[in-house]
1. If the only charges are +1 at each Lys and Arg Cβ and -1 at each Asp and Glu Cβ, what is the size of the charge dipole of segment 1-74 around the Cα centre, to the nearest 20 debye?
2. With the dipole of the chain worked out from charges on the C-beta (+1 for Lys and Arg, -1 for Asp and Glu) around the Cα centre, which of Ile8, Pro84, Tyr182 lies farthest toward the positive end?
3. Can you tally the net charge around Pro168? Count Lys and Arg as +1, Asp and Glu as -1, for every other residue whose Cβ sits under 14 Å from the Cβ of Pro168.
4. Distances over 19 Å make up what percent of all Cα-Cα pairs in segment 61-110?
5. Residue by residue, what Karplus-based ³J(HN,Hα) values in Hz, rounded to whole numbers, does segment 20-36 have, using 6.51, -1.76 and 1.60 with θ = phi - 60° and x for Gly and Pro?
6. Based on Cβ point charges of +1 for Lys and Arg and -1 for Asp and Glu, what charge dipole magnitude is obtained for segment 3-222 about its Cα centre, in debye rounded to the nearest 20?
7. Can you give the % of DSSP beta bridges in segment 3-222 that are antiparallel, to the nearest 5?
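Bear in mind that the values in this text are calculations on the coordinates, not laboratory data. The shown structure was predicted, so the numbers you read here are calculated from the model rather than taken from an experiment. Cβ: placed from backbone, ideal geometry, glycine included. Neighbour counts: every protein chain shown.
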Amino acid sequence: MTRRALVIQHEEPTPPGLIAPWLRDRGYEVETLRIDEQDPHELEPASYDLIVSLGSEFGAYQDDIEWIKHEMDFLAQAQEAEVPILGVCFGGQILARVLGGDVFRSDNEEIGWLNVGTTDPDLIPEGPWFQWHFDTFTAPPGATVVAANEAGPQAYVIGRSLGLQFHPEVTTEIMDAWVRVYRHELDAHGVDPDALLAETQERAREHNRNTLKLLDSFIERVAGSREPA
């Protein structure tokens, strides 16, 4: 039987990048939900073998945005059904909130390629990993934080799910789009867009290797078990 994966995408510039071909190579049939355009209540969380929640320009605490409340309901149902969830940046934050953690504006905003302190390098290589976030979170009760830095938690495992603060999915094409669409954020924080694009090109091969290692370890050690890794 073909395994089904649902990718939750929040806006046009935040596609799954490296995650999509990895899912297909792993034998998953990949379905994308643009949750800002489609009500997820039309879907059954338990019918999927894996759910991936991607990044967003919005905050996971913005309850005035209707689709954020819809996604929280959907992820809560998925977690209750023991469907593995991979949360990426916003996705990791909203999963933490669903499970009892807090999400809030950070005093240590991060944009750029940064190493993270990892207690499990076979699951979370040190990187560097790409960061672009202004919020942070507390890990939910029962979670094991497996990577962190001065900005806060960077990765946690809870049950069959993994929440990340950074962006393993990023590609040079995605970075091109982000620099174009979110240039105002780079300008506001004094980040040189040309240097960011050049560093992304330079790190692409190493980053792809680290991403595949992380994703393979996630599916084998975390999602593949009903116990924490």
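1. 540
2. Pro84
3. -1
4. Numbers: 291 of 1225 pairs.
Above the 19 Å cut-off, segment 61-110 has 24 percent of its Cα pairs.
5. 4, x, 5, 4, 5, 5, 7, x, 8, 7, 9, 10, 10, 10, 7, 5, 6
6. 700
7. Antiparallel bridges make up about 55 percent of those DSSP assigns within segment 3-222.
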